[in-house]
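Worksheet for the structure shown next.
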Amino acid sequence: MTIQCQEPAEAEAYKIFKEGGLEPQEAKTSTLDIKEMKPDQTGLYHCSYRSGELWSPRSSPLTVVLTGAYEKPSLSSMSGTVVASGDKVTLKCFLKFKFDRFILIKEDEFHTIQNQSATCQDSQCQAIFNRGPVNATQAGTYRCYGAFNNDPYVWSHPSDPLELEVKELPDGSTRPTDLGPTQEAAKAARQPVESRNRQAPEARDPQDVTYLQVVFNGPNQGTFSTPRQTHTSEYATVVPR
């Protein structure tokens, strides 16, 4: 994997460093090559550059993640996989494995994800992710991962993909998002009993983070083991502020 510090033309030297890591050394190159990705190389990376005698402020963080360490969770939509523009969508990530957190990503979005605490009951852990009101930009492929609080940048294998389709209403409008009490009651009455019983509370602590996904062939289940193969073609950029 290669991390690059995107700098102005007047930059003369660079530092690329990980939070909590060793003090970075001044370098003439704006890239950092990681030949073999390991858990201790995950985390938040920053860079800065020198012009003359002055160093720039450090960049916003780039979160480097290692995936494939644990068994994959499952991802399902409690709202169906075909929804109308303006609807709200509820996705559930779950597994019979005691993860502390679940992470939801949209495969073409490398800047916004949702990170939600897991709740465990009856030998199953899950997290509920609410999206919406949705429009065409929310359509696409979603996956989720599991992780532990004491190693938050080491993730499980990804879930199987979930394809979400968002359809525009015939007149091009969206469904109203604020329903009165009468409309809410009518909508609830139309839902199957099983569907209503499966509704979960709204996620309480979603977070947005920036991340880079790095994948290796790890074990199918259980705990972390030494990776056998890493992808070295991943490329990330951090921009000093």
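The values are calculated or read from the model by the stated rules, or taken from the named source; none is laboratory data. These numbers were taken from a predicted model, which means no experiment stands behind them. Neighbour counts are summed over all protein chains in view; Cβ atoms, including those assigned to glycine, are modelled from backbone coordinates with ideal geometry. Surface areas here come from the heavy atoms of the whole protein model, side chains and all, with no ligands, DNA or RNA. Shrake-Rupley method; radii C 1.70, N 1.55, O 1.52, S 1.80 Å.
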- request: Find all pairs meeting these conditions: Cβ atoms under 9 angstrom apart; at least six residues apart or on different chains; first residue within the range 32-59 and on the phi > 0 side of the Ramachandran plot; second residue hydroxyl-bearing (Ser, Thr, Tyr).
  value: Gly43/Thr63; Gly43/Tyr153
- line: Filtering the range 87-105 for residues that are farther than 14 Å from Leu164 by Cα, open to solvent by less than 50 Å² (accessible area, probe 1.4 Å) and part of a loop (DSSP other than H, G, I, E, B) leaves a count of 1
task: Please state which one of Ser56, Ser60 is within 30 Å of Thr31 (Cβ to Cβ) and touching a Pro at 6+ places or on another chain (Cβ under 6 Å).
output: Ser56
- prompt: Can you name the residue in the range 5-53 that is polar (S, T, N, Q) and over 21 Å from Trp155 (Cα atoms) and, of all such residues, is farthest from the chain's Cα centre (by Cα)?
  reply: Ser51
field: Filter pass, Thr2 being in contact (Cβ under 8 Å) with a residue 60 or more places away in the chain, under 16 Å from the mean Cα position of the chain (by Cα) and open to solvent by less than 50 Å² (accessible area, probe 1.4 Å)
entry: no
query: Which condition number in (1) open to solvent by 50 Å² or more (accessible area, probe 1.4 Å); (2) within 30 Å of Lys28 (Cα to Cα); (3) in contact with a Ser or Thr (Cβ under 6 Å, 6 or more places away or on another chain) is the one that Lys72 fails?
result: (2)
- line: The lone condition Thr141 fails out of (1) within 14 Å of the chain's Cα centre (by Cα); (2) modelled with pLDDT under 55 is (2)
- prompt: Can you find a residue in the range 8-20 that is open to solvent by 40 Å² or more (accessible area, probe 1.4 Å) and in contact (Cβ under 8 Å) with a residue 60 or more places away in the chain?
  reply: no
- request: Determine if the range 63-72 includes at least one residue that is under 30 Å from Lys167 (Cβ atoms) and either touching a strand residue (DSSP E or B) at 6+ places or on another chain (Cβ under 9 Å) or in a strand (DSSP E or B) (or both).
  value: yes
- prompt: For the range 39-62, which residues satisfy the criterion of being in a loop (DSSP other than H, G, I, E, B), under 15 Å from Gly20 (Cβ atoms) and not β-branched (Val, Ile, Thr)?
  reply: Arg58, Pro61
- prompt: Quick one: would you say Thr137 is free of Cβ contacts under 8 Å to residues at least 24 places away in the same chain and farther than 18 Å from Leu95 by Cβ?
  reply: yes
